[in-house]
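Encoded as structure tokens, the structure appears first; notes follow it.
The values are calculated or read from the model by the stated rules, or taken from the named source; none is laboratory data. Every value quoted in this text rests on a predicted model; they were computed, and no experiment measured them. When we count neighbours, we look across all protein chains shown, and the Cβ atoms used for this are built from the backbone with ideal geometry, even at glycine.
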Amino acid sequence: MENKAANPPLPGAAVRGSTTGRPIMALFDLLGRRMALRILWELRDGPRTFRGLVEAAGTNPAVLNARLAELRAAGLVTHTGAGYGLTPDGTALGLVLLPIVAWSEGWSARLAGGTPA
């Protein structure tokens, strides 16, 4: 069972792949964990219950629980009476990632067409 909730990657501490504690490295470590990006994606349109997230993300409850604990500790996800939702920082991160989504679509098209970037 994967459970790193007690030590989520946060700025200022060594993280996977970096000992500097730089914020970008902590973010990449957090987002690179299994199901983290998927959870954020599933919450983009509003809160979901735990069961709704299990179904939408297609993951098991143990992984979801561990990841939600990390995302909550990192200030990206919150839990309310309506379920789990994005915090203002979580919503802002989603907006920052949208240009990367657009870039990846173009990259995919170029690769499929055999056209160099």
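Results, tabulated for the structure shown:
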quantity	calculated
Check on Ala112, buried (at least 16 other Cβ atoms within 10 Å of the Cβ), in a helix (DSSP H, G or I) and among the aliphatic types (A, V, I, L, M)	no
Residue match in segment 17-24 (condition: free of Cβ contacts under 8 Å to residues at least 60 places away in the same chain and part of a helix (DSSP H, G or I))	yes
Yes/no for Ala82 being touching a Pro at 6+ places or on another chain (Cβ under 8 Å) and surrounded by fewer than 11 Cβ atoms within 10 Å (Cβ to Cβ)	yes
Checklist (1) modelled with pLDDT under 90; (2) of a type outside the set (A, V, I, L, M); (3) in contact with a Gly (Cβ under 9 Å, 6 or more places away or on another chain) applied to Gly75, failing item	(1)
Test: residue in segment 25-48 that is of a type in the set (Val, Ile, Thr), at pLDDT below 95 and part of a helix (DSSP H, G or I)	no
Looking only at segment 49-61, and only at residues there that are polar (S, T, N, Q) and exposed (fewer than 15 other Cβ atoms within 10 Å of the Cβ), the one that is modelled with the lowest pLDDT	Asn60
The listed residue being more than 15 Å from Leu37 (Cβ to Cβ) and in contact (Cβ under 8 Å) with a residue 60 or more places away in the chain, out of Ala73, Ala82	Ala73
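Per-residue answers, yes or no, for (1) surrounded by fewer than 17 Cβ atoms within 10 Å (Cβ to Cβ); (2) touching a helix residue (DSSP H, G or I) at 6+ places or on another chain (Cβ under 6 Å); (3) part of a helix (DSSP H, G or I); (4) basic (Lys, Arg):
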position: Pro9; (1), (2), (3), (4): no, yes, no, no
position: Ala66; (1), (2), (3), (4): no, no, yes, no
position: Gly75; (1), (2), (3), (4): yes, yes, no, no
position: Ala102; (1), (2), (3), (4): yes, no, yes, no
position: Gly106; (1), (2), (3), (4): yes, no, yes, no
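Table: residues versus (1) over 22 Å from Val15 (Cβ atoms); (2) of a type in the set (A, V, I, L, M).
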site	(1), (2)
Val54	yes, yes
Asn60	yes, no
Ala69	no, yes
Thr78	yes, no
Gly85	yes, no
Gly90	no, no
